[in-house]
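A quick write-up on the structure given underneath.
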Amino acid sequence: IRSGVMPPTIIVLAQGLNTGWYLDSEDGRFPMESVIIENLIPHIDASYRTIARREARAIEGHSMGGYGALHLGFRHHRLFAAVTGNSPALVERNNDNIGSQDYWQRQSPSTLARENVEALRRQRAQVEQAGAEFIVRIRIRAYGARVDHGAHAVAELRGEAAGMHVEFRNVSFGYDPG
């Protein structure tokens, strides 16, 4: 930020439950998605000098959080201009007491993307590493989607990937570090 590579930014790191996947459980006992969308985002907007508009908001996550970022970003596309999933855990079956298999499938990023494909074409999406092929499959506006050797550890995603993330955000928000 000091060097001008990216604009001033507020970054909020939300730690979800170990098995919450950043979505509400089917029985309502674990409302992770609701807490983030209905409580956390309004709290941040009320407490800090944010630009409280879709055009100025992105969501990103790694692994289970990558799944959550894609889920939240695709479901609540009116809130986020950009979404990034880093090595998102795009699993077909879930045994984490989130709900039934049918519920899990209805919540999946690929299902949400297919349901909201027209709206998502106005959103920028980036998927890093394993799982990027699903973005291409549903043909939404992808930026930097790539699949390689399947790096998953955060340390493996530094370096080139860090620069890509800054570039992605700059493009998404029309910032020219020029």
Conditions (1) surrounded by 15 or more Cβ atoms within 10 Å (Cβ to Cβ); (2) over 20 Å from Thr111 (Cβ atoms): number failed by Ser47: (1)
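Within the range 43-59, can one find any residue that is aliphatic (A, V, I, L, M), in contact with a helix residue (DSSP H, G or I) (Cβ under 6 Å, 6 or more places away or on another chain) and within 17 Å of Gly16 (Cβ to Cβ)?
For the range 43-59, residues aliphatic (A, V, I, L, M), in contact with a helix residue (DSSP H, G or I) (Cβ under 6 Å, 6 or more places away or on another chain) and within 17 Å of Gly16 (Cβ to Cβ): present.
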Helices (runs of 4 or more DSSP H) completely within the range 1-114 that count 1 or more residues being within 30 Å of Pro177 (Cα to Cα), within 17 Å of the chain's Cα centre (by Cα) and of a type in the set (A, V, I, L, M, F, W, C): 41-47, 64-75
Qualifying positions in the range 64-78 - of a type outside the set (A, V, I, L, M, F, W, C) and in contact with a Phe, Trp or Tyr (Cβ under 8 Å, 6 or more places away or on another chain): Gly65, Tyr67, Gly68, His71, Gly73
In the range 167-178, residue modelled with the lowest pLDDT [restricted to those that are under 19 Å from Gly61 (Cβ atoms) and either in a loop (DSSP other than H, G, I, E, B) or open to solvent by less than 30 Å² (accessible area, probe 1.4 Å) (or both)]: Phe168
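The values are calculated or read from the model by the stated rules, or taken from the named source; none is laboratory data. Just so it is clear, the model here is predicted, and its values are computed rather than measured. Ideal geometry is used to build each Cβ from the backbone, glycine not excepted, and the neighbour counts take in all protein chains shown. Heads up: the accessible areas ignore ligands, DNA and RNA and are worked out on the full protein's heavy atoms, side chains in. Shrake-Rupley method; radii C 1.70, N 1.55, O 1.52, S 1.80 Å.
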